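Where a number appears in this text, it was derived from the coordinates with a stated rule and is not lab data. As the structure is a computational prediction, the values presented were derived from the model and not from experiment. Cβ sites come from the backbone with ideal geometry, for glycine too, and all protein chains shown count toward neighbours.
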Amino acid sequence: MSGYKMKNMLWFGVYGKPYQGNEPAFFDASAFSWKKSLTELYPEIRKELSWLITHSEELTPYFDDYLQFPPKNWKTISFCVWGIKVHDNLNRFPTTARLLSEVPGLISCSFSLLEPHSRIKPHYGETNGIFRVHMGIEVPAGLPECGFRVSGEERAWQEGELLVFLDANVHEAFNNSDKRRYVLIMDIVRPEFMQRKNYLCVKVLSVLTLYWIEAHTRLLSRLFKVTDWDQLERIPRWMMDLVFLLPLRMAWFFWLPLRNRVDFKKWLSARNFS
């Protein structure tokens with residue numbers, strides 16, 4: 001991992017401050033121990049996920065219309081979200097589920113469809129604590145028609161190959177071809193933050209819960225006149241942590257291990273509660 005200085009401090013976008021790291025736009029996948037496991041599993045993953053390619057109605061439009069154009073043209077199905085296992089989907093796609101046990105630090109995994117003549121607008125993620133990894137599953141074209149841009153640098157997806165980048169940097173995707181683009185998206189905790197993996201998941205889940213609450217109540221907008229997430233720096237950090245995030249973090253701290261230990265839908269069904 002030479003050529004750049006690794007960051008020792010966790011960064012979270014919820015505080016409204018842009019990430020100031022000096023990492024490159026893209027990383028060489030061959031530098032990571034998990035590259036071999038992922039690429040060796042590709043033929044099995046491609047075969048397993050081909051069912052979703054022919055049954056795209058199983059994928060759900062990404063909830064944030066603002067991030068995509070046209071709306072509803074970016075669709076996903078999740079297998080794991082910040083440490084939360086989606087038991088139904090893992091049971092249906094066992095090969096993909098193997099990734100969670102074979103790749104250390106893999107905390108999120110989803111299958112992503114980008115419709116023809118669509119784009120995902122520039123945005124940045126929740127933390128610098130993860131590497132985001134894209135595996136090309138079905139790629140209709142290369143640059144300049146179809147590709148991915150991180151910090152102004154463009155790359156094309158290739159089927160069976162990995163694009164590794166830092167989600168904290170501004171990134172966007174575009175598909176100007178006439179066919180759909182499919183990739184498998186994974187979040188893998190960076191080595192220097194591995195001992196803080198649980199904290200990382202709980203913190204981001206609490207942030208995402210806060211976003212959900214804000215979308216339905218406009219609480220922060222009313223209290224602080226926040227009209228855009230880029231204005232979150234108006235809220236003092238101590239207040240964001242103590243008043244808004246701490247109760248959510250405590251809830252997720254206890255709920256996350258219980259949620260993963262028990263498939264509640266299956267448990268309820270077995271007891272005729274659903």
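With springs connecting C-alpha atoms under 10 Å apart, model the chain as a Gaussian network and identify which of Trp255, Trp157, Trp82 has the largest mean-square fluctuation.
Comparing Trp255, Trp157, Trp82 in a Gaussian network model of the chain, the most mobile one is Trp255.
Can you give me the distance in nm between label points at His55 and Leu67, each placed 7 Å from the Cα along the Cα-to-Cβ direction?
2.6
Fewest to most neighbouring Cβ within 10 Å: what's the order for Tyr66, Tyr124, Tyr199?
In order of increasing Cβ crowding within 10 Å: Tyr66, Tyr199, Tyr124.
Largest first and in whole Å, what are the equivalent-ellipsoid semi-axes of the chain based on the Cα gyration tensor, each being the root of 5 times an eigenvalue?
Whole-Å semi-axes of the equivalent ellipsoid: 28, 24, 20.
For labels at Phe224 and Ser37 in the simple 7 Å Cα→Cβ model, what's the distance in nm?
The modelled label-to-label distance comes out at 3.7 nm.
For a quick check, take a GNM of the chain with Cα springs below 10 Å and name the residue from Arg180, Arg132, Arg222 with the largest mean-square fluctuation.
Fluctuation is largest for Arg222.
How high is the relative contact order of the chain, in percent, with contacts defined as C-alpha pairs under 8 Å that are six or more residues apart?
So the answer I get is 21 percent.
For the range 69-129, state the semi-axes of the equivalent ellipsoid (square roots of 5 times the eigenvalues of the alpha-carbon gyration tensor), sorted largest first and rounded to whole angstrom.
25, 16, 9
Can you tell me the relative contact order of the range 51-91? Whole percent, Cα pairs under 8 Å, sequence separation 6 or more.
It comes to 28 percent, rounded to a whole number.
Looking at the chain, send over the antiparallel percent of its DSSP beta bridges, to the nearest 5.
Of those bridges, close to 100 percent are antiparallel.
Taking 0.36 nm per intervening residue step and subtracting the Cα-Cα distance, what contour gain separates Phe254 from Arg234 on full extension?
Taking 0.36 nm per residue and subtracting the Cα distance, the gain is 4.2 nm.
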